[in-house]
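Note sheet for the following structure.
The values are calculated or read from the model by the stated rules, or taken from the named source; none is laboratory data. This structure is a prediction, so every number in the text was calculated from the model and none was measured. No Cβ is skipped: glycine too gets one built from the backbone with ideal geometry, and neighbour counts run over all protein chains shown.
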Amino acid sequence: MPILKKREKEEVEIPSSSLADIAFLLLVFFLVCTTIDVDKGLDLVLPPIDDTEEIKINPKNITNLLINDVGAVLLDNQPIEVRDIAREIREKLLENDKLIVSLKTTKGTKYEVYIKVLDQLKSSGATRISIAEPEDT
């Protein structure tokens with residue numbers, strides 16, 4: 001009767017010689033498949049910096065829009081809801097096509113409210129928007 005010998009177990013190894021190739025291929029795959037959304041941010045056209053000449057503007061061509069710390073909005077010193085801004089500005093633009101909207105905030109104004117007001121101004125068709133520095137309170 002033949003004697004059966006136990007075979008020695010071979011150590012199982014994961015081949016690591018191609019690990020760098022696999023990592024590189026995964027990196028290339030994710031770079032190629034990832035889409036970059038470039039339309040994020042505010043779509044505003046700013047005037048050139050070197051233009052230092054002051055222009056006199058007729059006060060009847062300016063409407064003031066103020067946002068305070070708690071998110072309340074005033075249009076020409078009258079309270080207004082954010083959702084009503086587009087309608088009011090559209091009406092003012094029909095009366096005066098040279099209208100400039102001066103948007104002012106306080107330092108504590110929430111960014112979310114500021115962006116909602118800007119969106120309302122853009123949807124109203126206002127193209128002349130003056131964004132003023134936040135007021136010290």
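Take residue 96 and decide whether it is over 21 Å from residue 133 (Cα atoms), out of contact with any Leu (no Cβ under 7 Å at 6 or more places or on another chain) and modelled with pLDDT of 85 or more.
yes
Could you please find all residues in segment 56-102 being under 17 Å from residue 113 (Cα atoms) and either in a strand (DSSP E or B) or among the hydroxyl-bearing types (Ser, Thr, Tyr) (or both)?
Within segment 56-102, 64, 65, 66, 67, 73, 74, 75, 79, 80, 101, 102 qualify.
Please specify each residue of segment 79-126 satisfying the condition of being surrounded by fewer than 12 Cβ atoms within 10 Å (Cβ to Cβ), within 18 Å of the chain's Cα centre (by Cα) and not hydrophobic (A, V, I, L, M, F, W, C).
If the condition is that a residue be surrounded by fewer than 12 Cβ atoms within 10 Å (Cβ to Cβ), within 18 Å of the chain's Cα centre (by Cα) and not hydrophobic (A, V, I, L, M, F, W, C), then 111, 112 are the ones that fit.
Need the failing condition index for residue 21 against (1) farther than 21 Å from residue 123 by Cα; (2) at pLDDT below 85, just the number.
Here residue 21 clears every test but (2).
Which numbered condition trips up residue 57, out of (1) among the hydrophobic types (A, V, I, L, M, F, W, C); (2) closer than 18 Å to residue 129 by Cα; (3) modelled with pLDDT of 85 or more; (4) surrounded by 13 or more Cβ atoms within 10 Å (Cβ to Cβ)?
Status for residue 57: all satisfied but (3).
When only residues in segment 66-78 that are out of contact with any helix residue (DSSP H, G or I) (no Cβ under 7 Å at 6 or more places or on another chain) and under 19 Å from residue 127 (Cα atoms) count, which is surrounded by the most Cβ atoms within 10 Å (Cβ to Cβ)?
The qualifying residue surrounded by the most Cβ atoms within 10 Å (Cβ to Cβ) is 66.
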